[in-house]
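Before any comments, here is the structure.
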Amino acid sequence: MSPPCYRCRESGPHRPGIEPMKSAAPARSVTSWLDTESGFRALAARVDRLVALQARLAAACPRVPMTVVSLDEQTLTVMTPSAAWAGRLRQMAPTLLTVVRQDCGQVSRIRIVPQRRSGGPARTAAQPRAAVPTRALGDLAKLMTEVEGPALKQALANLVRRHRESR
């Protein structure tokens, strides 16, 4: 009896043009395969380091949602789910840096980035404000001479100067 056809899995006579199914080679474990490739070993070591840093930061700040993203040229990049969390973590950066340096002395900076939203439209730049009309600038300059308080005079002078320079 011939081996089963790989298309129909039925035993039967060999069909011309169709090769019979070959027996599979013995399976190797993934880790043994990864260990034999130098590129994968380096990648695995890098992933292990990032996972260790993630665990260290999670232990130091258990209720803060953050994910270690990369470690490049002495800069550890950490991602947060929102800009608000990124702001909070930036305030904690010196403390986080001290915690990270206990495991990885080569880190000299922590970069904290908020996660980008997906699916929504990209934010567009705000439209520039319309220029203050020339007549309004003249009225503000006149008001500046009539005002008593030095702080208000200075603020008006700065406002008029800045808008005249931007024209």
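Do the conditions hold for A86, that is, is it farther than 24 Å from L50 by Cα, open to solvent by less than 90 Å² (accessible area, probe 1.4 Å) and among the aliphatic types (A, V, I, L, M)? Give the derivation first.
Numbers: farther than 24 Å from L50 by Cα: no; open to solvent by less than 90 Å² (accessible area, probe 1.4 Å): yes; among the aliphatic types (A, V, I, L, M): yes.
The answer is no for A86.
Considering each of L50, L89 in turn, give the residue that is assigned to a helix (DSSP H, G or I), more than 30 Å from S32 (Cβ to Cβ), more than 13 Å from the chain's Cα centre (by Cα) and among the hydrophobic types (A, V, I, L, M, F, W, C).
Numbers: L50 fails: more than 30 Å from S32 (Cβ to Cβ).
L89 is the lone residue from the list that is assigned to a helix (DSSP H, G or I), more than 30 Å from S32 (Cβ to Cβ), more than 13 Å from the chain's Cα centre (by Cα) and among the hydrophobic types (A, V, I, L, M, F, W, C).
Please go through the stretch 145-157 and pick out each residue that is part of a helix (DSSP H, G or I) and open to solvent by less than 50 Å² (accessible area, probe 1.4 Å). Correct list: L156, A157. Of all positions in the stretch 98-109, none carries a residue that is assigned to a strand (DSSP E or B) and in contact with a Gly (Cβ under 9 Å, 6 or more places away or on another chain).
The values are calculated or read from the model by the stated rules, or taken from the named source; none is laboratory data. All values derive from a computational prediction rather than experimental measurement. Using ideal geometry, Cβ is built from the backbone for each residue, glycine included, and neighbour counts are taken over all protein chains shown. Protein only, heavy atoms only, side chains kept; ligands, DNA and RNA dropped before computing areas. Shrake-Rupley method; radii C 1.70, N 1.55, O 1.52, S 1.80 Å.
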